[in-house]
1. Run down 96, 87 and say which single residue is open to solvent by 50 Å² or more (accessible area, probe 1.4 Å) and out of contact with any strand residue (DSSP E or B) (no Cβ under 8 Å at 6 or more places or on another chain).
2. Specify the residue that is least open to solvent (accessible area, probe 1.4 Å); the eligible residues are those in segment 133-157 that are of a type in the set (Val, Ile, Thr) and over 13 Å from residue 64 (Cα atoms).
3. I'm checking my understanding of the structure. Among residues of segment 105-164 that are part of a loop (DSSP other than H, G, I, E, B) and touching a Ser or Thr at 6+ places or on another chain (Cβ under 9 Å), which one is modelled with the highest pLDDT?
4. Filter segment 29-48 down to residues that are under 25 Å from the mean Cα position of the chain (by Cα) and of a type in the set (Val, Ile, Thr) and give me whichever is most open to solvent (accessible area, probe 1.4 Å).
5. So which of 111, 102, 75 is open to solvent by 50 Å² or more (accessible area, probe 1.4 Å), touching a helix residue (DSSP H, G or I) at 6+ places or on another chain (Cβ under 8 Å), under 19 Å from residue 127 (Cβ atoms) and free of Cβ contacts under 8 Å to residues at least 40 places away in the same chain?
6. Of the residues that make up segment 49-67, is at least one touching a residue at least 12 places away in the same chain (Cβ under 8 Å), in a helix (DSSP H, G or I) and exposed (fewer than 12 other Cβ atoms within 10 Å of the Cβ)?
Amino acid sequence: MKKTLEFLRTFEQTFSYVLIVLLTVLLSIQVINRYVFSTSFVWVEEIARISFVWLIYFCVASAARENRHIRVGLIDMILPPAAIKIITYVADTLVIIFNIFIVWFGVKLMISTFDYGEKTPVTNIPMALIYAVIPFCFALMVIRMLDYNIRDIFGSAPPQSDATQSETYGE
């Protein structure tokens, strides 16, 4: 399991870096073409938009890996540590259930768009391939959140860093 999680982490990071580089190169080409040569490639904007959306989903999954999603820090200041733990586990359980629903409906969306043969207007990329990021990244979030919470319950989760805590409390 540890090797699988490590592979997923490496894949997430590498794919995110590739998407950032792709976005930078594509948008630079588009800007240069538009303002220097007074022309543009039609396909660049479509690929850049798809890359940006995929990058966002991968970053959200990465935030789940690092346990860095937005949360209400006021509760941590008011309640005792035991109550905070319980509320955190309940909230994480609800988020995991929500993510499982998104995975389910994301797969249904992929199948539906594949059955109808929907493609992007310019590059003719199957929309099912583009929508694949939704169930994939939400499944990654489920895996990451389960892993973190299981390790936290058994005492092997890394503690929140001081930087994370100070960001949470706005210090």
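The values are calculated or read from the model by the stated rules, or taken from the named source; none is laboratory data. All values reported here derive from a predicted model rather than from experimental measurement. Note that each Cβ is placed from the backbone with ideal geometry, even for glycine, and that neighbours are counted across all protein chains shown. Quick note on the areas: whole protein, heavy atoms, side chains included, nothing else; ligands and nucleic acids left out. Shrake-Rupley method; radii C 1.70, N 1.55, O 1.52, S 1.80 Å.
1. 87
2. Selected residue: 133.
3. 118
4. Let us first name the residues in segment 29-48 that are under 25 Å from the mean Cα position of the chain (by Cα), namely 43-48.
Right, trim to of a type in the set (Val, Ile, Thr) and you get 44, 47.
Values: 44: 1, 47: 37 Å².
By that ranking, first place goes to 47.
5. Values: 102 fails: open to solvent by 50 Å² or more (accessible area, probe 1.4 Å); 75 fails: under 19 Å from residue 127 (Cβ atoms).
Of 111, 102, 75, the one residue that is open to solvent by 50 Å² or more (accessible area, probe 1.4 Å), touching a helix residue (DSSP H, G or I) at 6+ places or on another chain (Cβ under 8 Å), under 19 Å from residue 127 (Cβ atoms) and free of Cβ contacts under 8 Å to residues at least 40 places away in the same chain is 111.
6. No; the residues of segment 49-67 include none that is touching a residue at least 12 places away in the same chain (Cβ under 8 Å), in a helix (DSSP H, G or I) and exposed (fewer than 12 other Cβ atoms within 10 Å of the Cβ).
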